Amino acid sequence: MATETIIELGTDFYRDPHEFYRRVRSDGGVHKVRLENGVVGWLITDYALAKQVLVDPTVRKDAYSDTGVAARIVAGQTDAGQILNRHITEHMLNSDPPKHTRLRSLVNKAFTSRAVRALEPRIVEIADRLLDDMERHDSVDLLDSYAFPLPITVICELLGVPVADRDDFRDWSNAVVSVGRPADMRDASDHLDRYLTGLIEGRTAAPGDDLLSELIAATENGDRLTADELVSMAFLLLVAGHETTVNLIGNTMIALLDNPADLSALREDPERIPAFIEESLRHEGPVHIATLRYTTESITVGDTEIGGREMILVSLSGANRDPKRFDDPEELDPTRLRNSHLAFGYGIHHCVGAPLARLEGRIALERLIARFPDIALDAAADDLEWRHSLLIRGLTSLPVKLAR
Ligand code: HEM
C-alpha cells in the first residue's frame, strides 16, 4: 500500500531536496505525493523504476488534455488556458508519437554531436568575451555574468534570435518555469508568444542562415509544422536551451568551489573536465523532480499499482542517487565508472540538446578555470539560495571572487 507523503515546497525542500528523496526512497521508490498546491501525483525516486516508466508507451505526455497539461498540473489549475498561452505549448516535450516523432525529426540533425562540434570555435569566442568583461571586476555573480549569457547567446545565435533581447527573454522564461505563480506564468507566456510570433514574421519576410528560417521553410513547404507548432518549437528550444545549461555550469561550479582540491585537479588536467561534468549532472542535475507523465491505463511500478489518468513525477535527481544503482550515491566522485545517469532523461524524450549542453559545459569550465585559476566563493555556502522550481534545480545567484 503506497503511503501519501506531503512534499512541502518551502525553502528547506529546495535547499536540500536530496534529504527528502533519501527518506522516501528508503521506504520504496514509488510514493503518492501531494504538492503544496494540492495536486496529487506519484513520485518515482528509484532508478530502475524511473527508466521503466519513461519507456512505457502507455505512460504519456499529453494523455487527456490537448495542451499545457504539465503546466496546468504543476500550477495546480484546472484550466490549461489560465496558465500558459496555448500557442507556446504545442511542442515535442508535450507530445506523444506520432506528433512527437514528426516534431523531433525536424530539429534532430541540428543538434547531433557532429553538428554541434562545428559550433565549438564560436562558443569559445563567446565565453572568452564574457571573461574579458569579467576581468574588469574583482567579484561577480557568476550566473549573471557567465553561466546565463553563454548558453542563451549560443541558442539565440543558432535560432536567429536577437541577442539584445536576452534579458527580457530571461525574465519571461524564468516566470514560465517557476511554480505557484499562475498569473506571472500566464503573463510571461503571453509576452513570449507575441515576441516569438513577431520574430517569426520578421524571419519569414527576410530569411537568414539560421534554424528558425529552416523551420519556417519546413512549415511553408509541405505543411510539416503548423504556425502554433513553429512558435512552440522556438519557445521550447530557447527555454530548454538555456534554463538548464545555466544550472549545469552553476551547479558544477558550486561543487568545485566547495572542493578546491577538485578545482586544482581540473586546472592541472583539463582532460578530466568532461567526466567531472557527467558526475555533476548525476549528483546535482539541472532538472530535478518534475519530469511529468500521465498514465492512460493502470500500470504496476515495483510493488505499486497506479491507476489510469494519474500524474507521475519522475525525479531524475532521486533516481540519480539511488544506492541500488550507484555506489556511495551522495558522494560527488569524479572518477566514477559506469555513470549512466538520467540527468538528460531517458526514452524517446531524451534531451535533444545533450551534445550541445555537454559542449557548452566543457568549454565554459575550461575557459573559466584557465582565466581565473584562483576563483573562489564570495559568500558563505549556507547563504546561497536555491530556486523555488519543481522543474529546475539551480542557485538564484553565485557570487565569486575572481582574484588572479
Ligand atoms: C528534453 C535535460 C539542455 C533541448 C530534456 C529532458 C531533460 C532535459 C531531462 C527530458 C524531459 C522529459 O522527459 O520530460 C536537460 C539538461 C540540459 C539540457 C539537464 C543541460 C545540462 C538542453 C539544450 C537544449 C535542450 C542546450 C537545446 C536545444 C531539449 C528539448 C527537449 C529536451 C528540445 C525535448 C525532447 C523531446 O521531447 O523529445 N532535456 N536539457 N536541452 N531538451 Fe534538454
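The values are calculated or read from the model by the stated rules, or taken from the named source; none is laboratory data. Everything numeric in this text was worked out from a predicted model, so none of it was measured. Note: ideal-geometry Cβ built from the backbone for every residue, glycine included; neighbour counts use all protein chains shown.
A few points about this structure:
- Residue pairs whose Cβ atoms lie under 6 Å apart, separated by 6 or more positions or on different chains, with the first residue in region 353-374 and closer than 22 Å to Leu158 by Cβ and the second of a type in the set (Ser, Thr, Tyr) and crowded, with 24+ Cβ neighbours inside 10 Å, are Ala357/Thr245; Glu360/Thr245.
- Subset tally (residues that are buried (at least 21 other Cβ atoms within 10 Å of the Cβ) and of a type outside the set (A, V, I, L, M)) for region 251-265: 2
- Residue count, region 350-404 (criterion: under 29 Å from Arg293 (Cα atoms) and either surrounded by fewer than 16 Cβ atoms within 10 Å (Cβ to Cβ) or not basic (Lys, Arg) (or both)): 21
- Val176 being more than 30 Å from Ile375 (Cα to Cα), touching a Ser or Thr at 6+ places or on another chain (Cβ under 7 Å), touching a residue at least 24 places away in the same chain (Cβ under 8 Å) and aliphatic (A, V, I, L, M): yes
- His100 being at pLDDT below 90, surrounded by 16 or more Cβ atoms within 10 Å (Cβ to Cβ) and in a helix (DSSP H, G or I): no
- Within region 353-363, the presence of at least one residue that is within 21 Å of the chain's Cα centre (by Cα) and assigned to a loop (DSSP other than H, G, I, E, B) is confirmed.
- Members of region 300-322 that are out of contact with any helix residue (DSSP H, G or I) (no Cβ under 8 Å at 6 or more places or on another chain) and of a type outside the set (S, T, N, Q): Asp303, Glu305, Ile306, Gly307, Gly308, Arg309, Glu310, Leu313
- Failed condition for Val239, given (1) away from the ligand (no atom under 13 Å from the Cβ); (2) β-branched (Val, Ile, Thr); (3) assigned to a helix (DSSP H, G or I): (1)
- Filtering region 212-235 to residues that are surrounded by 21 or more Cβ atoms within 10 Å (Cβ to Cβ) and either touching a His at 6+ places or on another chain (Cβ under 9 Å) or within 23 Å of Ala147 (Cα to Cα) (or both) leaves Glu229, Val231, Ser232, Met233, Ala234, Phe235.
- Meets criteria (in a loop (DSSP other than H, G, I, E, B), of a type in the set (Asp, Glu) and either out of contact with any Lys or Arg (no Cβ under 9 Å at 6 or more places or on another chain) or within 16 Å of the ligand (Cβ to nearest atom) (or both)) for Glu331: yes
- Just one of the numbered conditions (1) surrounded by 15 or more Cβ atoms within 10 Å (Cβ to Cβ); (2) of a type in the set (A, V, I, L, M); (3) at pLDDT 80 or above is not true of Val177: (3).
- Top-ranked residue in region 311-323 [being farther than 8 Å from Asp46 by Cα and not β-branched (Val, Ile, Thr); ranked as farthest from the chain's Cα centre (by Cα)]: Pro323
- Selection count, region 103-119, where residues are assigned to a helix (DSSP H, G or I), away from the ligand (no atom under 12 Å from the Cβ) and without any contact (Cβ under 8 Å) to a residue 60 or more places away in the chain: 2
- The set of residues from region 197-214 being closer than 22 Å to Lys109 by Cβ and not hydroxyl-bearing (Ser, Thr, Tyr) comprises Ile200, Arg203, Pro207, Gly208, Asp209, Asp210, Leu211, Leu212, Glu214.
- Candidates Phe344, Phe326 - the one that is buried (at least 19 other Cβ atoms within 10 Å of the Cβ), away from the ligand (no atom under 14 Å from the Cβ) and part of a loop (DSSP other than H, G, I, E, B): Phe326
- Region 364-395, residues that are part of a loop (DSSP other than H, G, I, E, B) and aliphatic (A, V, I, L, M): Ile375, Ala379, Ala380, Leu384, Leu390, Leu391
- Taking first residues from region 240-261 that are farther than 16 Å from Ala379 by Cβ and partners that are hydrophobic (A, V, I, L, M, F, W, C) and not in a helix (DSSP H, G or I), the Cβ contacts under 6 Å between residues at least 6 apart in sequence or on separate chains come to Glu243/Ile392; Val246/Phe148.
- Scanning region 135-150 for residues that are crowded, with 20+ Cβ neighbours inside 10 Å and part of a helix (DSSP H, G or I) yields Leu142, Leu143, Tyr146, Ala147, Pro149, Leu150.
- Ala218 vs. criteria within 16 Å of the ligand (Cβ to nearest atom), at pLDDT below 85, in a helix (DSSP H, G or I) and under 19 Å from Lys109 (Cα atoms): yes
- Any chance Asp187 is under 21 Å from Asp168 (Cα atoms) and either surrounded by fewer than 21 Cβ atoms within 10 Å (Cβ to Cβ) or away from the ligand (no atom under 15 Å from the Cβ) (or both): yes
- Against the conditions (1) aliphatic (A, V, I, L, M); (2) under 24 Å from Leu237 (Cα atoms); (3) touching a Phe, Trp or Tyr at 6+ places or on another chain (Cβ under 8 Å), Leu391 satisfies every one except (3).
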